[in-house]
């Protein structure tokens, strides 16, 4: 049978993105030939550095190439100025909208390692599914004079729709069902962890926006396909408390854009480092893997950036491109390396360089 060729767009972005995205490409090129996959790559531009040089953070050519030519993509990192810069908007937020990447899927899992310890004493294996296209991230803001004469008033639109809420709840249910199937034991013995989706919201205060998200998610997850799943809900502030207190309890968490952003970065702290946490931005036509860390200008160019989040993001991308065997090969190689603890990057207390961590994982493929 002829090998399937997938075309992957590579968008390093800023800072250490330019150091870890080559690691992602190398992993794809190093996959066993028995998987029957080949890859073509196209290098694409985006980021704050590109904006400073050319006046645009997201060239139209990048969007068009991803839309018309690519099956998947890898996005490295983007630097975002803390102060407003005229004409600049985040290219990753824009890409999620332009490509209809409606779901940001972030797995968080602890791997026992002699080199570092998770802040949590219990093993964690959860997935946060974040709605990716609306909420406050529609970025519709305005500032105007306070009619009372005391300075200014700033307002932002929070937009929640039935369509987006139903779509994100459905994919969360599908992920939970898939995880349930993977945990089933051959002898029919019940899995130790219950398959569950936790709907996170703040409808006790935001009764219309978060209320719509809550009710729509409830309705979507009541479908017969999800009858074997436990469905519960949690107000976001108590969700934060319980996530840090008992993270081992959770399986799949689904949330609107802002809450999902905050929860997923917080969960990353429970498993050792942002340098370990991957994500996949999932759309109907394309999937984009994206490590959850930032551009890390403090370590840029030092050769010590942790490539694990990017390598795991390659696995996430392949998983949602219907290549679960290839994804598992990558996940297993990464987990074996972490468990052995011989090549660990400085963010986890080790001394290994980016290249050494990458070489170790490639050997394990």
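A few notes on this one:
- Per this entry, residue 284 is counted among residues that are more than 29 Å from residue 348 (Cβ to Cβ), surrounded by fewer than 17 Cβ atoms within 10 Å (Cβ to Cβ) and touching a residue at least 60 places away in the same chain (Cβ under 8 Å).
- Restricting attention to region 188-235, the residues that are touching a strand residue (DSSP E or B) at 6+ places or on another chain (Cβ under 9 Å), in a helix (DSSP H, G or I) and closer than 14 Å to residue 173 by Cβ add up to 4.
- Selected residue (only one of 276, 262 is surrounded by fewer than 23 Cβ atoms within 10 Å (Cβ to Cβ) and more than 26 Å from residue 69 (Cα to Cα)): 262
- Index of the failed condition, residue 82 passing every other in (1) outside any helix (DSSP H, G or I); (2) in contact (Cβ under 8 Å) with a residue 24 or more places away in the chain; (3) at negative phi: (2)
- The requirement of being in the same structural domain as residue 40 (by TED's automatic domain parsing), within 21 Å of residue 260 (Cα to Cα) and either loosely packed, with under 13 Cβ neighbours inside 10 Å or touching a residue at least 60 places away in the same chain (Cβ under 8 Å) (or both) is not satisfied by residue 90.
- Meets criteria (in a strand (DSSP E or B), within 25 Å of residue 136 (Cβ to Cβ) and outside the structural domain of residue 135 (by TED's automatic domain parsing)) for residue 75: yes
For (1) touching a strand residue (DSSP E or B) at 6+ places or on another chain (Cβ under 7 Å); (2) more than 21 Å from residue 311 (Cβ to Cβ); (3) without any contact (Cβ under 8 Å) to a residue 12 or more places away in the chain, each residue gets a yes or a no:
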| residue | (1), (2), (3) |
| --- | --- |
| 32 | no, no, no |
| 57 | no, yes, no |
| 64 | no, yes, yes |
| 76 | yes, no, no |
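- Single condition residue 43 does not satisfy, out of (1) more than 25 Å from residue 213 (Cβ to Cβ); (2) surrounded by fewer than 15 Cβ atoms within 10 Å (Cβ to Cβ); (3) modelled with pLDDT under 95: (3)
- Any strands (runs of 3 or more DSSP E) falling wholly within region 97-181 and containing at least 3 residues that are surrounded by 20 or more Cβ atoms within 10 Å (Cβ to Cβ): 103-109, 125-131
- Residue list for region 302-322, restricted to those being surrounded by fewer than 21 Cβ atoms within 10 Å (Cβ to Cβ) and more than 17 Å from residue 21 (Cβ to Cβ): 322
The values are calculated or read from the model by the stated rules, or taken from the named source; none is laboratory data. Given the structure is predicted, the values throughout are model-derived calculations rather than measurements. Methodologically, a virtual Cβ is constructed for each residue, glycine included, from the backbone with ideal geometry; neighbour enumeration extends over all protein chains shown.
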